[in-house]
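Shown next, in structure tokens, is the structure this report addresses.
The values are calculated or read from the model by the stated rules, or taken from the named source; none is laboratory data. No experiment lies behind these values; they were computed from the predicted model shown. All Cβ positions, glycine included, derive from the backbone under ideal geometry; neighbour counts span all protein chains shown.
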Amino acid sequence: MVTGLVLVRLAAGREKTTLAKIKDTKGVSHVCAVFGRWDLVVDIEAEDLPTMTHVVVGRIRAIPGVFSTETLVTTAI
């Protein structure tokens, strides 16, 4: 199992519908709204890195209203 955090910047005026679609995305386990350079922090879970790539690129970035993303792959310490 691979987990990660996706920092998401949303397009102005589409926040509500974009947030709802992100929450419904398979692989997304939790979403938090934040203040600052990013609008959302999205927790994701996947079987492996290629699947995580598909969740981020194929699903989250494909949602209208997602302006940009940055993905942080998490690790146990």
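Listed values, structure above:
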read-out: Matching residues, the range 60-77, being closer than 10 Å to G4 by Cα and assigned to a strand (DSSP E or B); value: T71, L72, V73
read-out: Residues located in the range 4-38, provided they are among the hydroxyl-bearing types (S, T, Y) and either assigned to a helix (DSSP H, G or I) or in contact with a helix residue (DSSP H, G or I) (Cβ under 6 Å, 6 or more places away or on another chain) (or both); value: T17, T18, T25
read-out: Residue count, the range 10-52 (criterion: surrounded by 14 or more Cβ atoms within 10 Å (Cβ to Cβ) and either among the basic types (K, R) or over 14 Å from T74 (Cα atoms) (or both)); value: 15
read-out: Qualifying positions in the range 39-59 - assigned to a strand (DSSP E or B) and either under 10 Å from the mean Cα position of the chain (by Cα) or not acidic (D, E) (or both); value: L40, V41, V42, D43, I44, A46
read-out: Among (1) surrounded by 17 or more Cβ atoms within 10 Å (Cβ to Cβ); (2) modelled with pLDDT under 95, the one test that L7 misses; value: (2)
